[in-house]
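Peer 1: Structure incoming, see below.
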Amino acid sequence: MDNDARTILAIGTKKGLWLAESTDREAWTLTGPHFANLEVPSVAIDTREGRTRILAGINDWHWGPTVVYSDDAGATWSEPESGAIKFPADTDTALERIWHLRPDTEERPGVVWAGCEPISVFKSTDSGENFELNRGLWDHPHRSEWGAGFGGAAVHSIVPNVVDQNVVHAAMSTGGVYRSTDAGASWEPRNKGIHVDFAPDPFPEFGQCVHHITADAQNPDRLYAQNHGGVYRTDDAGDQWNSIAEGLPADFGFVLLSHPRTGGTVWTIPLKAAEERNPVGGRLSVYRSTDAGENWIEQHAGLPDADWNAVLRDAAAVDEHPETVGVYFGTRGGEVFASNDEGAHFVTVAQRLPDVLSVRAAQANGART
């Protein structure tokens, strides 16, 4: 197969970044670690503008968090001398972690979003080389009431609307889902119908511990949410959320993935309750819906029957293969799995890596690792 057919898989862990390549998404060649012993909580692969740029949000224990990037499949890495993401001096705040990196659409080249800790959104217009703080969210009057999830206070999901560039959703732990309709100048909470089981008010305006959100491929006003407890769908851009958890073995988890082209197709990886946070009965399975969450089908072929490791929110991804979409995820036990047939069966890409924090995959161009 020609060089354009290869798939690259970026795996961020508690101690470094690994890269894997495959021409059939069955047999993989793994290299790494890059940034050995540094936490890599977020990765992205930007294939716009005819190149393949790998972005990694690293957490250097001495120099602090920053975004680095490679345009040659990891052979070399670049970063701004003064740091890609930093808070303005007037905020009197230091960046703690980059939780999420999200390239925007093909029609918005150069735009990359970053969700960070403390709770904040940053935006780049130069393909991730420099970022600017979104003051609309940072100066929001609710900010003093947002809390920290178990892992920290973070914006972990950013979903730009593919039709209207003025609309963007962000989700945070804890705070819930917020929506902007003016390109980030202002934000409003959009959590109606999402249940909170750890607060006196079970349906507050905000304060939910939403774990992840993703948008439907064909209807940009349809979004899906994995909550601290509960799986939800909205068909009106967040004005009302409704449960789609029926048919799942548990409604707790972190992962929600949407098909890049087929509307109504989503995947989740249920975990048992907040107290245990492991696959139900130790059976590690992906669940897929093709009707927007009305029904779910277990996908287990190739996955362990006994695995007690969670899968974190950014440690799962789909690619955009033109024929059959691939599904990928990594566990806190350091195993990474890949499917080249939309989850019908999985192969093992890597074993015994450090705790997997982030995973992304894409068809790649350019030099091999």
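Just so you know, all these numbers are worked out from the coordinates, no wet-lab data involved. Values in this document were obtained by computation on a predicted structure and should not be read as measured data. As a convention, Cβ positions derive from the backbone with ideal geometry for all residues, glycine included, and neighbour counts pool all protein chains shown.
Peer 1: Any residue in segment 157-168 that is among the polar types (S, T, N, Q) sitting within a Cβ distance under 7 Å of a residue that is part of a strand (DSSP E or B) and buried (at least 20 other Cβ atoms within 10 Å of the Cβ)? List the pairs, counting only those 6 or more apart or interchain.
Peer 2: SER157/HIS100; SER157/GLY115; SER157/ALA170; SER157/ALA171; SER157/HIS212; SER157/ILE213; ASN161/VAL168
Peer 1: Restricting to segment 327-369, name every residue that is of a type outside the set (Lys, Arg) and on the phi > 0 side of the Ramachandran plot.
Peer 2: Restricting attention to segment 327-369, the residues satisfying the condition of being of a type outside the set (Lys, Arg) are 327-331, 333-351, 353-359, 361-367, 369.
GLY334, GLU342, GLY343, GLY366 - these are the residues of segment 327-369 that are of a type outside the set (Lys, Arg) and on the phi > 0 side of the Ramachandran plot.
Peer 1: Please tell me if PHE122 is of a type in the set (Phe, Trp, Tyr), touching a residue at least 60 places away in the same chain (Cβ under 8 Å) and over 23 Å from ASN219 (Cα atoms). Full working, then the answer.
Peer 2: Numbers: of a type in the set (Phe, Trp, Tyr): yes; touching a residue at least 60 places away in the same chain (Cβ under 8 Å): no; over 23 Å from ASN219 (Cα atoms): yes.
The answer is no for PHE122.
Peer 1: Test of understanding: among ASP319, ASP341, which residue is free of Cβ contacts under 8 Å to residues at least 24 places away in the same chain, more than 26 Å from SER243 (Cα to Cα) and in contact with a strand residue (DSSP E or B) (Cβ under 9 Å, 6 or more places away or on another chain)? First the steps, then the outcome.
Peer 2: Numbers: ASP319 fails: free of Cβ contacts under 8 Å to residues at least 24 places away in the same chain.
Just a single option satisfies the conditions, and that option is ASP341.
Peer 1: Under 7 Å by Cβ, and 6 or more places apart or on different chains, what pairs join a residue from segment 177-192 that is at negative phi and outside any strand (DSSP E or B) with one that is crowded, with 18+ Cβ neighbours inside 10 Å and among the basic types (Lys, Arg)?
Peer 2: TRP187/ARG179; ARG190/ARG179
Peer 1: Would you check which residues across segment 328-364 are assigned to a loop (DSSP other than H, G, I, E, B), of a type outside the set (Lys, Arg) and either touching an Asp or Glu at 6+ places or on another chain (Cβ under 8 Å) or crowded, with 22+ Cβ neighbours inside 10 Å (or both) and list them? Walk me through it before giving the result.
Peer 2: Step one: filter segment 328-364 for residues assigned to a loop (DSSP other than H, G, I, E, B), giving 331-335, 340-346, 351-355, 364.
Then keep just the ones that are of a type outside the set (Lys, Arg); that gives 331, 333-335, 340-346, 351, 353-355, 364.
Residues satisfying the conditions are THR331, GLY333, GLY334, GLU335, ASN340, GLY343, PHE346, GLN351, LEU353, ALA364.
Peer 1: Right, next: I'd like to verify a number: residues in segment 1-26 that are surrounded by fewer than 18 Cβ atoms within 10 Å (Cβ to Cβ) and either more than 26 Å from ALA344 (Cβ to Cβ) or without any contact (Cβ under 8 Å) to a residue 40 or more places away in the chain (or both), how many?
Peer 2: 6
Peer 1: Then there's this: Which condition breaks for ASN242 when tested against (1) surrounded by 15 or more Cβ atoms within 10 Å (Cβ to Cβ); (2) of a type outside the set (Asp, Glu); (3) part of a strand (DSSP E or B)?
Peer 2: Of (1) surrounded by 15 or more Cβ atoms within 10 Å (Cβ to Cβ); (2) of a type outside the set (Asp, Glu); (3) part of a strand (DSSP E or B), only one is false for ASN242: (1).
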